[in-house]
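**Student:** My questions will all concern the structure given below.
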Amino acid sequence: YRVASPADIEAAVLTMQSELDAILGIRGRLLQKSGEPGLWMEIYEGVPDDGTFLAELERLVEAHSLAAFLAPGSIRKIERFEERCA
C-alpha cells in the first residue's frame, strides 16, 4: 500500500504489529520498496489460523486508524502466498 507520509504512519504500524504479536504470537515485518519509501508491505509468516489472524489484523488496523495515513487512492489489501510444492 502507498502511504502519504512514511514518518507519520511508521509508529502506528509498528505498534499494531507489536500488539498482534502479543495477542497471537505472530510477528510481522514491515518493508518498503527500494527507492520508493512511500510503498509499503507487511509480511506475516507462520499463521496457523487465517480466520483468527485476519479478524484480529482487521480489528487492529481499524483501532490504529491506519487508513487515515494512506496516500489518496491507495488501499490496504491482503495477498496470501504459499511455498510452492515441488
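**Student:** Before I look further, what does the chain give for accessible area per residue, probe 1.4 Å, in whole square angstrom?
**Tutor:** The answer is 71 Å² per residue.
**Student:** Using a Gaussian network for the chain with springs between C-alpha atoms less than 10 Å apart, which of these wobbles most: Val47, Val61, Val13?
**Tutor:** Its mean-square fluctuation being the largest, the pick is Val47.
**Student:** When the accessible area of the chain is computed with all protein chains present and a 1.4 Å probe, what percentage of it is carbon and sulfur?
**Tutor:** Details: 3210 of 6140 Å².
Here carbon and sulfur together make up 52 percent of the probe-accessible area.
**Student:** Still on this structure, I have one more. Only residues of the stretch 43-76 count here: report those whose backbone N is under 13 Å from the spot 7 Å along Cα→Cβ of Glu10, or say none.
**Tutor:** Answer for the stretch 43-76: none.
**Student:** [x] 13.7; [y] 13.3; [z] 14.5: which one is Kirkwood radius over Cα pairs in Å as calculated from this entry?
**Tutor:** [x]
**Student:** Based on the alpha carbons, how large is the Rg to Rh ratio for the stretch 47-86 when Rh follows Kirkwood?
**Tutor:** We get a ratio of 1.10 for the stretch 47-86.
**Student:** Computed FRET efficiency, Cβ-Cβ of Ser18 and Met41, R0 25 Å: what is it to the nearest 0.05?
**Tutor:** Plugging the Cβ-Cβ distance into 1/(1 + (r/R0)^6) gives 0.90.
The values are calculated or read from the model by the stated rules, or taken from the named source; none is laboratory data. Since this is a predicted model, take the numbers as computed values, not measurements. Cβ sites come from the backbone with ideal geometry, for glycine too, and all protein chains shown count toward neighbours. For the accessible areas, the whole protein counts, side chains as well, though only heavy atoms, and no ligand, DNA or RNA atoms are used. Shrake-Rupley method; radii C 1.70, N 1.55, O 1.52, S 1.80 Å.
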